[in-house]
1. Tell me which DSSP H helices of chain A clear both cut-offs, 20 Å or more of axial length from alpha-carbon atoms and a mean Kyte-Doolittle hydropathy of at least -1.0.
2. So if we plug the beta-carbon distance of residue A:91 and residue B:236 into 1/(1 + (r/R0)^6) with R0 = 35 Å, what FRET efficiency do we get, rounded to 0.05?
3. Relative contact order, percent, of chain B when contacts are C-alpha pairs under 8 Å separated by at least 6 residues?
4. In deg cm²/dmol and to the nearest 500, what is the mean residue ellipticity at 222 nm of chain A if only DSSP H runs of at least 4 residues count, each as -39500 (n - 2.57), divided by the residue total?
5. Want the number for residue B:188 to residue B:226: 0.36 nm per residue separation, take away the alpha-carbon distance, what's left?
6. Apply the Karplus parameterisation 6.51 cos²θ - 1.76 cosθ + 1.60, with θ equal to phi minus 60°, to every residue of region B:143-159 and state each ³J(HN,Hα) to the nearest whole Hz, in sequence, with x for glycine and proline.
7. Which ³J(HN,Hα) values, rounded to whole Hz and listed in residue order, are derived for region B:114-121 from phi using the Karplus coefficients 6.51, -1.76 and 1.60 in 6.51 cos²θ - 1.76 cosθ + 1.60 with θ = phi - 60°, glycine and proline given as x?
8. Grab the beta carbon distance between residue A:206 and residue A:2, set R0 = 41 Å, and tell me the FRET efficiency rounded to 0.05.
Amino acid sequence: MTFAWRSELLKIATVRGQWVSALLATAAIPVISFLVVSTGGLGSGESSTRGAATGTLAGLLAFGAWSATIAAGEYAQGTMVTSLTTVPRRLTLYGAKLSATATVAGAGALLSAIIAWLVVLGVRAPGPYGLGDPASLASVLLAIVTVAVIGVSVGLITRSPSAAIALVVVALLLPKAASGLLGGLQPWIIGASPDTVVTELIGGGHLAADQTFPAGALAAALSMVGVALVVAAGGAVAFLRRDG
Amino acid sequence: MTTPGATADGQAASIVVQDATKIIEGVTVLDGVSFTARPGRVTAFLGPNGAGKSTTLRAILGIDHLTSGHTTIGGRPFGDHRQPVRVVGALLTPDAAHPRRTARGHLTVVATSNGLPRASVGRALDLAGIVPIAEVPVGKMSLGMRQRLGLATALIGDPAVVILDEPHNGLDAAAIRWLRVVLRALADAGRTVLLSSHLMSEIEVISDDVVIISEGRIRVASTMEEFLTAAPSDPERMPLEERYLSVVGEL
């Protein structure tokens, strides 16, 4: 598993488009946070930590799109044959892809959150609204890793980068865009969406009652991770059935 | 280092295909295919387009499912080997490397996946004669160079078994001669070489055994010498191309 994991990391490192995309995704949160805070878009009562997380949705979209190309790209490029003949144990290969992508996404998210926090501090003095709890920015890492796992899995299921990207983007944006159609499920679905989970865990985001997970922020985070695990299991089943 | 002709745990590395049958949407692609490719010999795997050659090779490598039957390498399914690159080197398509990755990058990825030392990358580049283009992205290489990279990939783990599907495609005369020497050396060192190709003149020169598949069924499985001798009563050898076409019915 370790060798396969290293190999998957090398796959990302040896294709410029892959690591540049990961770098751009890492820049998304600080850039958006800077724009929001520097233009006065952050409420006067909101903490610096909350300000650092304002670009979370952009980061989720960027890392989600990037991760969606990891496995799907191998099918599109025809390179999956090499992967299957060098690491023939499917679950080992799948696990290596998931963990390598999560590693890069996690490292990117951590770096992203730290830079965003420092940027917000540089742009706006903490003042009466306070620093907030910087440790809660770990929720950004959790959300991005979760979305990265979903992206790899969806890519493996669809085998098409464009379809996988579209599905991940829709999954991140549609619940809020179509919240009126969700009825009583609205707080359960929107409340467990990655962007909302980050807001709930950091606090101070002024979420409406119908967008707040009824069972609390921790349960929302667990639900989000649960959904990712279910999608990952679906990816494993698809991989074993079609390529096993 | 793997003992030539044996897997890492010392098993003789024959390729055994036993009663392999594959049915896709009601169409029988492979129909009870059985043959053995043995260590120390180059086995030619011949057949017309669509005969089932590539499907068989993919089944041996665990890429395609069989409806029934089984395949083993060194006594066990390919996927059960702990360091598969040390057991089997495969070239199934010249387009198995990412076009934006360099040759060195591609080989490093493969070596890392099986815990091979970094030095194996340099050796494989050298063996395939692609050191000068090691830093060139695969997408900018000619078909012949991509075939050489595919061969470097197949040989990077010094495997006991080599499986090559149409390795002559895109190779120039010098590269074909180089491949002939390499494959002969591999077999002479005790490795198992299974080779699919349409280049009959080359196959005739290099192969010890021949397996012919047509319409998903094995038509011939014998030594090349026996196959080229039309009948026991007629010791005169026939060219492989004539014998082959007489078997697959394209004359």
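No value in this document is a laboratory result; all are computed from the given coordinates. Owing to the predicted nature of the structure, the values given are computational and were not obtained by experimental measurement. Here the Cβ is made from the backbone with ideal geometry for all residues, glycine too, and neighbour counts use every protein chain on show.
1. Details: long enough: A:16-38 (32 Å, 1.44); A:56-77 (30 Å, 0.85); A:90-123 (48 Å, 1.50); A:138-158 (30 Å, 2.46); A:161-177 (24 Å, 1.96); A:217-243 (38 Å, 1.58).
Once both thresholds are applied, what remains is A:16-38, A:56-77, A:90-123, A:138-158, A:161-177, A:217-243.
2. 0.05
3. Taking the mean separation of contacting Cα pairs over the length of chain B, I get 27 percent.
4. That comes out to -25000 deg cm²/dmol.
5. Contour length minus Cα-Cα distance gives 11.7 nm.
6. So the Karplus estimates, Gly and Pro as x, are 4, x, 5, 5, 5, 4, 5, x, 5, 4, 4, 5, 9, 4, x, 6, x Hz.
7. In residue order, the calculated couplings are 10, x, 7, x, 4, 4, 5, 5 Hz.
8. 0.35
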